[in-house]
Amino acid sequence: MKKFIALLMVMVLAGALIACAGNDDTTTTDTVVEADTDDDAGADDAQADDTDAVVEQDDSGDWDGIPIALVTDYGTIDDGSFNQGSWEGVVAYAEENGIPHQYIQPAEKTDAGYLDAIVLAIEGGAQIVVTPGFLFEVSVGEAQSMFPDVKFVLIDGRPDIGEDAPYIADNTVAVLYAEEESGFLAGYAAVMEGHTSLGFIGGIAVPAVVRFGTGFVEGAEYAAAELGLAEGEITINYAYAGTFGPSPEVQTMAASWYNEGVEVIFAAAGGAGFSVFAAAEAAGALAIGVDIDQAGASDTIITSALKGLEASVYSILSDFFAGNFPGGTEKIFDASLNGVGLPMETSRFENFTQAQYDDIFQRLANGEVEVSTEVGPEAHLNLNLSIVEVVNIG
Amino acid sequence: MNVIYFIMQQTFFFMMPLLIVALGGMFSERSGIVNIALEGKMLLGAFASIFFINQVQSAENVHLDGHPLLLLALLVAAATGVVTALLHAFASITLNANQVISGVAINMLAPAFAIYTARIFGETNTQQVFFNNTFRIESVPVLGSIPFIGPMFFQNTYITTYLGFLILIVSAFALYKTKFGLRLRACGEHPQAADSVGVSVYKMRYAGVLLSGALAGMGGLILIIPTAVNFNATVSGYGFLALAVLIFGAWKPQRIVLAALFFGLLQAIAAGHSGIPALRDLGIPVHFYRMVPFVATLVVLAITSSGKARNAAPRAAGEPYDKGNR
């Protein structure tokens, strides 16, 4: 028996090795290539001189250390979400201008762990540190006063220094997105496309998700008014799933909506969105993705409500290197700054045209159309609607 | 009527993985090995098989899809479950380790292994492994067009649903009507007695645990296929729910199927109520619906745990077999 087990184990190991060998030539881990440096510096025991050593390999001798650093939240650089979007912005700017850049993955998912990673980045010579996600609010709140000479870019959050109100120091910029405008575009497009029965499934009622939802409702209302529809002709089922993770329950909720006749569901729910897409596939119905272009995840996704992570990071970096870092401010990336939008090239619209999109986008950008920014779990019930009927679930 | 069909179809998506995994747990526990590792085995089975589907679907020179692929993937899932179960079996049977701890270790290992492997070998280097769902059966020929029964059982379904029932029947038969089943049960109740008449307790226990691995692995795949477009290194705690179904079902196949049906139905109603106007208009908060399956389980467990059912657990489950102990 023991021999048999030992043999089996050996075979498993051998199988794993063969699998490695077979794949090695096809998978280049692009993260490492792009990073210009050791991508594993996030480990606690990683030394600052580790990263220094790598800089010397870089051709541009003008830089003392690596001036641009990105600290990932616990996810990874290719998470298809915040880290990846921000990192692509860093890479785009840095490669264009030949500036060394690196990212660091914190060893643990705590405020202290994030701060350690930020310190590590600064020891590596970082002059500007990009931190994607509201998880960094506390650590950036501390780091901004510890390192007054270093600039911090906090994406989608405001530094938290333990007081009631957030404090944005002069060396920090809080990058926020006008999610409501992104949601607005999605809702507008869905109704213009000809859908009358819509749905919204948010992850958890945090401000960003709520803004996506209320914007979606208002966009639908706006389009309905333009089309001259009658009261109650557009219905929107509206719910928060209570989770950002995929689960069979979310799938069933979405499936029950599709079964009832909902044509398209906007899933602003992170991983739980994939459960919605599964329901859409089974029902032969449609869905709308969120944050980044999710068109590749399922053929049912007609479009995605984007946050322009890459564009915003790129823009802040160019400001910084041009000497006008917008420190001490909250910079809201909205339509006028190209911070939101729909990926029209990959969208699967049949009736909604690029011209219509450009038109509504323009109106958002120049302030002709205004979208509510109220947040709170009940925000969608307080909207001023005359055509759209919101069916609240919760 | 449409709503009833819909709820029934969704119920199967919840019920089948629970049923199959709980039956797996039954074989293991009936042989005397506590199997808290069902979650980990499910996860790894789901991971390996979804990864397999992903690779086959993206390979250019392999033209395999639909049901043949699904059946192959089920074999992959079962094989992975068996390999995982070998770890559990080796630790807890051969080495007499604590069965709960080796189970917990597998549960902790599984998601980490899945993420790590997916990120290194996956096409996109992300933890999500995508697949194309080409396995759904819109309507079973002939049977699907029978009124009432058709939409209830034979529309919007998967071949795995029927496989689940097949496994149920085979399991019940194997446990009660074969020599193997009798010996397995004996090892779970009084291994020394079984040993004294020449049954190898170690072999029977290995068989029980490996069977549980195979079934749990398949259960993982069966859970993911209808409810997701990718595998995201989680089976949403369904391994633990299956453990509850196993206990609720008093370690007996005929009761496990009822327990799985009960739990699946409540889950389907809880998750799907918002698309059912009659339930939605009651105005009961969504949180209440989410509690229902769990509260109901507690209540039913409390009622059924009295008297005879309390003694339903295999007597020797959880104890390493010691030949010298009489």
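State the volume of the convex hull built on the alpha-carbon positions of the stretch A:90-142, expressed per residue in Å³ and rounded to an integer.
Given the Cα convex hull of the stretch A:90-142, per-residue volume reads 81 Å³.
In whole angstrom, how far apart do the alpha carbon centroids of the stretch A:328-349 and the stretch B:249-304 sit?
Using only Cα atoms, the two centres lie 42 Å from each other.
Explain nothing, just the number: dipole magnitude of the protein assembly as shown about its Cα centre with +1 on each Lys and Arg Cβ and -1 on each Asp and Glu Cβ, in debye rounded to the nearest 20.
The calculation lands at about 6840 debye.
As I understand it, the dipole of the protein assembly as shown uses +1 on the Cβ of Lys and Arg and -1 on the Cβ of Asp and Glu, about the Cα centre. Which of B:P226, B:A316, A:I168 lies farthest toward its positive end?
Towards the positive end, the residue furthest out is B:A316.
Of B:G103, A:L120, A:F136, whose Cα points farthest to the positive end of the dipole of the protein assembly as shown (charges on the beta-carbon: +1 Lys, Arg; -1 Asp, Glu; origin at the Cα centre)?
B:G103
For the stretch B:1-100, state which GluC sites (Glu not before Pro) are in a DSSP loop and have at most 13 other beta carbons lying within 10 Å of their beta carbon.
Qualifying residues, ordered by number: B:E60.
Counting other C-beta atoms within 10 Å, which of B:S236, B:S28 has the fewest, and how do the rest follow?
Ascending Cβ contact count within 10 Å gives the list B:S236, B:S28.
Could you tell me which of B:P147, B:G198, B:I159 has its Cα farthest along the dipole of the stretch B:98-198 towards the positive end, charges placed at Cβ (Lys, Arg +1; Asp, Glu -1), taken about the Cα centre?
Of B:P147, B:G198, B:I159, it is B:G198.
Hey, with R₀ at 25 Å, roughly what FRET efficiency would A:E233 and B:N2 work out to, going by the Cβ-Cβ distance, to 0.05?
0.65
Taking the simple approach of a point 7 Å from Cα along Cα-to-Cβ for both A:S386 and B:I149, what is their distance in nm?
Result: 5.6 nm between the two label points.
Could you compute the net charge surrounding B:S92? Neighbours are other residues with a C-beta less than 11 Å from the C-beta of B:S92; K and R count +1, D and E count -1.
For residues surrounding B:S92, the net value is 0.
State the Cα centre-to-centre distance between the stretch A:133-188 and the stretch A:359-380 in whole Å.
So the separation of the two Cα centres works out to 21 Å.
Sort B:K41, B:K177 so the one with the fewest other Cβ atoms within 10 Å of its own Cβ comes first.
Ranking B:K41, B:K177 by Cβ neighbours within 10 Å, fewest first, gives B:K177, B:K41.
Work out the length of the dipole vector of the stretch B:2-312 about its Cα centre, built from +1 on the beta-carbon of each Lys and Arg and -1 on the beta-carbon of each Asp and Glu, and round it to the nearest 20 debye.
Here the stretch B:2-312 has a charge dipole of around 920 debye.
Does the stretch B:2-312 come out rounded, prolate or oblate by the C-alpha gyration tensor, with a ≥ b ≥ c the root eigenvalues, rounded set by a/c under 1.5 and, if not, prolate when a/b is larger than b/c and oblate if not?
Taking the square roots of the gyration eigenvalues as a ≥ b ≥ c, the stretch B:2-312 is oblate.
Taking square-rooted eigenvalues a ≥ b ≥ c of the alpha carbon gyration tensor, is the stretch B:1-149 rounded, prolate or oblate, where a/c under 1.5 means rounded and, failing that, a/b exceeding b/c means prolate?
oblate
Take the Cβ-Cβ distance between A:D164 and B:A105 as r, set R0 to 35 Å, and report the resulting FRET efficiency rounded to the nearest 0.05.
Taking R0 as 35 Å, the efficiency between A:D164 and B:A105 is 0.20.
Plugging the Kirkwood radius over Cα pairs into Stokes-Einstein for the protein assembly as shown, at a temperature of 10 °C and a viscosity of 1.306 mPa s, what D comes out in µm²/s?
Estimated diffusion coefficient is 58 µm²/s.
Treat each spin label as a single point 7 Å out from the Cα along the C-beta direction, and report the B:L64 to B:A79 distance in nm.
Taking the simple label geometry, B:L64 and B:A79 are separated by 0.9 nm.
Hey, what do the phi angles of the stretch B:84-93 turn into as Karplus ³J(HN,Hα) couplings, whole Hz, using 6.51/-1.76/1.60 and θ = phi - 60°, x for Gly and Pro?
4, 5, 4, 4, 4, 5, 4, 5, 8, 9
So for B:W251, A:W257, A:W63, fewest C-beta neighbours within 10 Å to most, what's the order?
A:W63, B:W251, A:W257
Please list, short to long, the whole-number percent of alpha-carbon pairs of the stretch B:146-255 in consecutive 5 angstrom bins beginning at zero.
For the stretch B:146-255, the pair-distance distribution reads 2, 10, 14, 19, 18, 14, 10, 6, 4, 2, 1, 0.
Calculate, in nm to one decimal, what B:K177 and B:A278 gain on full extension: separation in residues at 0.36 nm each, minus their alpha carbon distance.
That pair, B:K177 and B:A278, stretches by 31.8 nm at full extension.
Rule-based calculations on the coordinates, nothing more; no lab input. Owing to the predicted nature of the structure, the values given are computational and were not obtained by experimental measurement. Counting neighbours? That spans all protein chains shown, and the Cβs are built from the backbone with ideal geometry, glycine included.
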